[in-house]
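Notes follow the structure.
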Amino acid sequence: MKTKVLKGRILTNLMGVFACTALAGLPQKSAAQIFTDKNYVKISPTDTEADIIRKAANVTPAPRQLRWQQLELTAFIHFGINTFTNKEWGDGSEDPKIFNPEQLDTRQWVKVCKDAGFKQVILTAKHHDGFCLWPSKYTEHSVKNSPWKNGQGDIVKEMAAACKEFGIGFGIYLSPWDRNSPYFGSMAYNDYFINQLTELLSQYGQIDEVWFDGANGEGPSGKKQVYEYNRWYNLIRKLQPKATIAVSGPDVRWVGTETGYGREMEWSVVSADQMRNEDIAENSQKAAEFAPKDMMANDLGSRKVISKAKSLVWYPAEIDVSIRPGWFHHPEENDKVKSPDKLMDIYYSSVGRNGVLLLNIPPDKQGLINQSDVNALKGFKKQLEETFANNVLKSAKPVGANAKKTAVLFDGKDGTHWKMNTKAGPYVLEFKMDQPQTFDVLALQENLQIGQRIESFILEYKEGEIWKKITEGSTVGYKRLLRFPAVTANEVRLRILSSRLEPALAEIGLYLRPGSATK
């Protein structure tokens, strides 16, 4: 096993891919706690291809997964001792006395995020250096031994309160790797980690997401830690049952890069082959490994891939990136913040590819988000609002065999969907506008409560008596956004070329980006 370093984070790689080691060793008896009867299904050796497709079409997200997907935008707040050492990684030997964010204002952090359209914030409660942003009673390496608020402060508490005040979700990141703990590399560390996780899950109200990475370096003994992932998952399900567990967890997976760009074809239903682990000691609890394979491939869920699966699971992708080159704030990067245009491009390539964007926005040493980041986020939000303010299809007249009951496609609800006339033949939606309209963005959404079903589609416009292609795509999922050179037309149609059972299209829209060139 080797490790791969990505922008300040260690991610476990097995045979060159992120193989979700964190999902291995799931106890058989606790599977019902980890999964539901709808987001997981076994494939029988006697199942035909049609049986497998039917099962895949009916796998749906658990309520916590659906809520997570509907967020679209989540903010990551990397803040800690590294902010004061100007490093990406600390080694655990830092003196807590250097931690003193004199103007720290979690309300500013949350307001900046909410104003930019983010619906949840995840705080790095503890990074690899082991420094805790709450006064953990299990370590001295924490804010309680810093001069900030004379050691009486608790950033996790302030952050939870700010999120509650502004009405957005609150999540915590707890690094599995702890370079300060003398226990790391021994079995005693597992209890230490559980104790800290219990503090975070029981003292700060509702936690909406718990985020783990695959970080696992050597401890003082020179040994790597054997993590007891099952204990983590079961504790979270017990204390915070509504929380999603990402990305080393059973609810949400890592997309495979830290660029902000997802796959062109992103399936949320993927192979989840479950097998007996024969290497467990006799006195240990028997377990079943849940280890989705090659999660770095471009194709994780096509018919070809799932036809070989032994089981399927709803396992969507979170797509993370930092607004800066680094994950922690570095003053020299104040002029390297991603522009609004770049953030919009990332939005189209993450949220617009059936993912949730996790954007890191790191506060500075004073405890504030820098104005450079604030300005970029304001520009991003402005473009987002202006682009999707006017759906030109909303006032169009549906025509053709499937013209009835299409109003549901414009009700702004992802829990409703268009039910086509099954006697009308192909899945075609055709619209005619009173006058030509110009547009350069297609937006599609599926009703995930029915399942992810659309496999390919094409958008066309009519020129004279000829239909011409505008754009095409494969998967849709929660949301698919496609950009193309501006088209001016008054007749358009969407043809769904392939679907797993009847498609459950929830929304459709055509939009024009601000400042876009027209024909």
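The values are calculated or read from the model by the stated rules, or taken from the named source; none is laboratory data. All figures in this text were calculated on a predicted structure; none of them were measured in a lab. Heads up, the Cβs are rebuilt from the backbone with ideal geometry, glycines too, and the neighbour counts pull from every protein chain shown.
Remarks
- Scanning the range 215-247 for residues that are over 18 Å from residue 130 (Cβ atoms) and assigned to a strand (DSSP E or B) yields 244, 245, 246, 247.
- On inspection, residue 423 passes the criterion of being more than 22 Å from residue 513 (Cα to Cα), assigned by TED's automatic domain parsing to the domain that holds residue 498 and either charged (D, E, K, R) or at pLDDT 95 or above (or both).
- Reported count of residues in the range 68-124, each being without any contact (Cβ under 8 Å) to a residue 24 or more places away in the chain and either hydroxyl-bearing (Ser, Thr, Tyr) or at positive phi (or both), is 1.
- Failed criterion for residue 376 (all others in (1) hydrophobic (A, V, I, L, M, F, W, C); (2) outside the structural domain of residue 68 (by TED's automatic domain parsing); (3) in contact with a Lys or Arg (Cβ under 7 Å, 6 or more places away or on another chain) hold): (2)
- Among (1) in contact (Cβ under 8 Å) with a residue 40 or more places away in the chain; (2) farther than 23 Å from residue 82 by Cβ - the single one residue 222 does not satisfy: (1)
- Checklist (1) in contact (Cβ under 8 Å) with a residue 24 or more places away in the chain; (2) within 28 Å of residue 212 (Cβ to Cβ); (3) not hydroxyl-bearing (Ser, Thr, Tyr) applied to residue 333, failing item: (1)
- Test result for residue 477, outside any strand (DSSP E or B), over 21 Å from residue 347 (Cα atoms) and of a type outside the set (Val, Ile, Thr): no
- Filter result for residue 215 (under 24 Å from residue 250 (Cβ atoms) and either touching a Pro at 6+ places or on another chain (Cβ under 6 Å) or not assigned by TED's automatic domain parsing to the domain that holds residue 67 (or both)): yes
- Residue count, the range 213-240 (criterion: touching a Leu at 6+ places or on another chain (Cβ under 7 Å) and either at positive phi or polar (S, T, N, Q) (or both)): 2
- In the range 66-107, the residues that are crowded, with 19+ Cβ neighbours inside 10 Å, of a type outside the set (Gly, Ala, Ser) and assigned to a loop (DSSP other than H, G, I, E, B): 72, 78, 79, 89, 94, 99, 101, 104
- Scanning the range 346-382 for residues being assigned to a helix (DSSP H, G or I), among the polar types (S, T, N, Q) and crowded, with 24+ Cβ neighbours inside 10 Å gives a total of 1.
- Residue, surrounded by the most Cβ atoms within 10 Å (Cβ to Cβ), within the range 248-259, restricted to residues that are part of a loop (DSSP other than H, G, I, E, B) and small (Gly, Ala, Ser): 249
- Residues located in the range 428-454, provided they are within 26 Å of residue 61 (Cα to Cα), buried (at least 21 other Cβ atoms within 10 Å of the Cβ) and not β-branched (Val, Ile, Thr): 442, 444, 445, 446, 447, 448, 451, 452, 453
Here's the yes/no breakdown for (1) more than 13 Å from residue 493 (Cβ to Cβ); (2) in a strand (DSSP E or B); (3) more than 34 Å from the chain's Cα centre (by Cα):
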| position | (1), (2), (3) |
| --- | --- |
| 391 | yes, no, no |
| 394 | yes, no, no |
| 402 | no, no, yes |
| 415 | yes, no, no |
| 430 | no, yes, no |
| 435 | yes, yes, yes |
| 442 | no, yes, no |
| 451 | yes, no, no |
| 460 | no, yes, no |
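- Checking each residue in the range 504-518 for being at pLDDT 95 or above and within 21 Å of residue 469 (Cα to Cα) picks out 505, 507, 508, 509, 510, 511, 512, 513.
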